[in-house]
Amino acid sequence: RDAAVALWRDCGLTRPWNDPDADLNRALGAGNSTVLAAIDTSGRLQGTVMVGHDGHRGWVYYLAVDPSARRQGLGRALMAAAESWVHARGVPKLQLMVRGTNTAVVDFYTSLGYADQHCVVLGKFFDQSGDRPPHDLESIRAQLRTAAEASETLGTIPHSGDGWAAHVEQTRSSSQGP
């Protein structure tokens, strides 16, 4: 456990407002998540990936590869293992979050077939103590505009009253043919 948290810190994955020890304990203590590890022949931790699901979609966190073991396919192998873990549980989708400034990592995931989902991730801390990321309202608004533009391209589903259900049913009927 200590080696995993140290690796996450060494790889720059931790933030002051997230306790990596608590994250690890939660992942290992729940039935719908785990941490997969890559260990070399000498018993040294080379990489990790935290994976879990909510039944609808899987999530990946803390994909980390020791700097001395990078560019050898270990990150790809860990992601393949995470995908297999989620798929084996009947979950149809795997998602992850990457900080927008981390373009090298975005490129890595893109090379694995992951794509921008055109959505904004919002969060709320229940524990109000400690350092928190700053609220950058302009950045959130820009992401919302981008997501809105993408949804215009994809089409929209009406959502007033029972419009969603009616539209979904109408779409199903028309796609199934006469």
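All of the numbers you see were taken from the coordinates with simple rules; none came from a lab. As the structure is a computational prediction, the values presented were derived from the model and not from experiment. Cβ coordinates were reconstructed from backbone atoms using ideal geometry, including for glycine residues, and neighbour counts include every protein chain displayed.
Tabulated data
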read-out: Karplus-derived 3J(HN,Hα), 6.51/-1.76/1.60, for each residue of the range 9-23, Hz, glycine and proline x; value: 5, 4, 8, x, 8, 8, 9, x, 8, 10, 8, x, 5, 5, 4
read-out: Label-reachable residues, the range 1-30, where backbone N falls under 11 Å from a point 7 Å from PHE125's Cα toward its Cβ; value: 15-19
read-out: Dipole magnitude of the range 1-73 about its Cα centre (Cβ charges: Lys, Arg +1; Asp, Glu -1), debye to nearest 20; value: 180 debye
read-out: Given charges at beta-carbon only (K, R positive; D, E negative), |dipole| of the range 6-46 in Debye; value: 40 debye
read-out: Amide hydrogen neighbours beyond the local backbone of GLN46, cut-off 5 Å, H modeled; value: ALA38, ILE39, ASP40
read-out: Cα gyration tensor shape for the range 26-118, rounded if a/c is under 1.5, else prolate or oblate; value: oblate
read-out: Amide H within-cut-off set for GLY58, under 5 Å, with H built and near neighbours excluded; value: LYS93, LEU94, GLN95
read-out: Packing rank of 45-55, 79-89, 30-40, where each peptide gets the mean count of other beta carbons within 10 Å, highest leading; value: 45-55, 79-89, 30-40
read-out: GLN72-TRP17 FRET efficiency (beta carbon distance; Förster radius 30 Å; 0.05 resolution); value: 0.40
